[in-house]
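Colleague: Sharing a structure with you now.
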Amino acid sequence: MSANPPGGSPRALAQAIDALRHGWPICVDGAPPLLPVETASTPETMADTMLISAARAQTLGLANQRAAAVPHSPVLIEGAEPFSLDLGRLVADPALDLTNPLKGPFRALPLPDDQWPLTALEIARLAGILPAFLIGATPADEPVSVSTSDLAAFASPGSLHIAARTRLPTAAAEHAEIAIFRSPADLREHAALIVGRQSADMVPVVRVHSECLTGDVFGSLKCDCGPQLDSALAACAEEAAKGGYGVILYLRQEGRGIGLVNKLRAYQLQEMGHDTVAANQRLGLPDEARDFPVAGRMLSILGISRIRLLTNNPAKLTALAQQDIDIIERVPLSTGKNPHNARYLATKRDRSGHLLP
């Protein structure tokens with residue numbers, strides 16, 4: 001795995017994420033200041049233009065399907081009058097679509113031939129906020145300057161390392177270890193549970209599992225995350241009992257990378273009748289934003305290059321293969337189907353290509 005890209009600063013990106021969470025403006029690649037409409041707290045702020053995603057623009061009738069083919073691509077819009085924060089929030093938040101119909105009119109503007117709009121949307125996703133900004137508003141706070149190269153440096157898994165590793169007997173298997181991975185700029189700490197005795201001569205079963213607070217901890221019936229984690233733990237324990245070993249990579253990427261708050265917003269939209277993919281797109285967010293290079297880096301650090309992957313998602317096979325991981329077998333997982341997650345599972349099968357057992 002390569003080190004950080006030249007010229008990029010993970011620290012600058014971390015500061016930009018922190019600024020957005022606090023409602024402070026950022027300045028990307030020297031473009032005009034961008035004020036996050038969800039978290040900003042300066043009601044007198046006004047701006048002539050907004051930055052939103054193509055999927056959100058399509059929902060508002062401001063982009064055709066072809067333009068919104070990449071849902072997380074950027075769109076600039078202007079209205080008949082300047083955008084206030086209140087109006088900006090009506091534009092950004094689909095939960096308000098029914099109770100506060102937009103009067104407009106709005107129109108999409110030509111995009112600049114620059115990377116900053118897409119970079120800004122990606123930083124908003126990393127901050128876990130709605131991807132929408134007022135552009136060029138006079139900020140009450142000094143903008144945090146950040147660049148596209150800073151984003152690349154932050155996303156690079158090269159600085160990931162094991163911060164702690166210790167024995168951890170579990171209910172699934174008493175002989176287990178846990179390793180916690182950390183990088184200097186990213187506050188998320190990923191975990192690897194190694195069940196059984198690791199050996200270079202054996203090919204482990206491996207589960208790449210993204211954090212799901214609602215499913216893993218509270219036993220939510222809306223998804224299959226909890227049952228899949230339980231199934232993976234059982235498979236690792238069974239492998240250890242036969243003299244092999246298994247590994248669960250637990251990635252802190254809630255909601256497939258959109259964050260806990262936005263995941264729950266998507267749940268609200270699902271209650272209105274939208275499926276998982278459509279709900280994310282109405283929020284202006286990608287339906288898949290997980291960082292699989294992190295998983296590849298974790299396996300590399302653990303000295304694992306050949307695995308049997310516990311997954312129903314063919315995209316994971318491709319993603320890990322791109323990280324130089326040799327996948328010799330795909331092992332299906334139980335999904336724990338129930339009346340509450342039947343549509344969710346059907347969407348995973350029909351729209352995301354999952355191979356459900």
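Read-outs: derived from the displayed coordinates by stated rules, not from any lab. Owing to the predicted nature of the structure, the values given are computational and were not obtained by experimental measurement. Here the Cβ is made from the backbone with ideal geometry for all residues, glycine too, and neighbour counts use every protein chain on show.
Colleague: Kirkwood Rh and Cα-based Rg: tell me the resulting Rg over Rh for segment 10-154, rounded to two decimals.
Modeller: Across segment 10-154, the Cα-based Rg/Rh ratio is 0.94.
Colleague: With a ≥ b ≥ c the root eigenvalues of the C-alpha gyration tensor of segment 160-219, is it rounded (a/c under 1.5), prolate (a/b larger than b/c) or oblate? Walk me through the numbers before you get to the answer.
Modeller: Working: a/c = 1.77, a/b = 1.16, b/c = 1.52.
Oblate, because a/c is 1.5 or more while a/b does not exceed b/c.
Colleague: Loop only by DSSP, 11 or fewer other Cβ within 10 Å of the Cβ. Give me the trypsin sites (Lys or Arg not before Pro) in segment 230-299 that pass, ordered by residue number.
Modeller: Passing both the DSSP loop test and the Cβ count: K242.
Colleague: From the mean inverse distance of alpha carbon pairs (Kirkwood) and the Cα radius of gyration, derive Rg over Rh for the chain. Intermediate values should be presented prior to the final figure.
Modeller: Details: Rg = 21.5 Å, Rh = 21.6 Å.
We get a ratio of 1.00 for the chain.
Colleague: Per 0.36 nm of contour for each residue apart, how much would the distance between R188 and L213 grow if the chain were fully extended, relative to their Cα-Cα spacing?
Modeller: On the way: separation 25, 0.36 × 25 = 9.00 nm, distance 1.42 nm.
Gain in length upon complete extension: 7.6 nm.
Colleague: How many nm is it between the label spots at N100 and R197, if each spot is 7 Å from the Cα in line with the beta carbon?
Modeller: That separation, rounded to one decimal, is 6.3 nm.
Colleague: Please tell me the relative contact order of segment 24-156 in percent, rounded to the nearest whole number, where contacts are Cα pairs under 8 Å and at least six residues apart.
Modeller: On the way: 250 pairs, mean separation 55.4, N = 133.
Reported relative contact order: 42 percent.
Colleague: Provide the percentage of antiparallel DSSP beta bridges, counting only those with both residues in the chain; round to the nearest 5. Don't skip to the end; give the middle numbers.
Modeller: On the way: 36 of 52 bridges.
Here the antiparallel bridges make up roughly 70 percent for the chain.
Colleague: Taking 37 °C and 0.692 mPa s as the conditions, I'd like the Stokes-Einstein D for segment 196-321 in µm²/s, using the Kirkwood hydrodynamic radius from alpha carbon pairs.
Modeller: Values: Rh = 15.7 Å.
Estimated via Stokes-Einstein, D reaches 210 µm²/s.
Colleague: While we're here: If you find the alpha carbon centre of segment 132-199 and of segment 317-357, how far apart are they in angstrom?
Modeller: 24 Å
Colleague: Still on this structure: Can you list which of the trypsin sites (Lys or Arg not before Pro) found in segment 80-168 are DSSP loop residues with at most 10 other C-beta atoms within 10 Å?
Modeller: Working: sites: R89, K103, R107, R125, R165, R167; in loops: K103.
Taking segment 80-168 and a limit of 10 other Cβ atoms within 10 Å, the loop trypsin sites (Lys or Arg not before Pro) found are K103.
Colleague: If you consider only alpha-carbon coordinates, what radius of gyration and Dmax does segment 131-186 have, in Å?
Modeller: Both quantities, over Cα of segment 131-186: 19.9, 59 Å.
Colleague: Applying 1/(1 + (r/R0)^6) with R0 = 41 Å to the Cβ-Cβ distance of S41 and L317, what FRET efficiency is obtained, to the nearest 0.05? Please report the intermediate quantities before stating the final value.
Modeller: On the way: r = 45 Å, r/R0 = 1.09.
My answer for the efficiency is 0.35.
Colleague: Segment 272-351: percent of C-alpha pairs farther apart than 15 Å? If you can, show how the numbers build up before the last one.
Modeller: Details: 2068 of 3160 pairs.
The calculated P(r) of segment 272-351 puts 65 percent of pairs beyond 15 Å.
Colleague: Just need the relative contact order of the chain here, percent rounded to a whole number, with Cα pairs under 8 Å and 6+ apart.
Modeller: Values: 767 pairs, mean separation 64.3, N = 357.
Worked out over the chain, it gives 18 percent.
Colleague: Between the alpha-carbon centers of segment 231-310 and segment 104-125, tell me the distance in whole angstrom.
Modeller: Spelled out, the Cα-based centre of one part sits 28 Å from the other.
Colleague: Given the rule -39500 (n - 2.57) for each run of at least 4 DSSP H residues, summed and divided by the residues of the chain, what is its mean residue ellipticity at 222 nm, to the nearest 500 deg cm²/dmol?
Modeller: On the way: 12 runs with 116 residues, N = 357.
That comes out to -9500 deg cm²/dmol.
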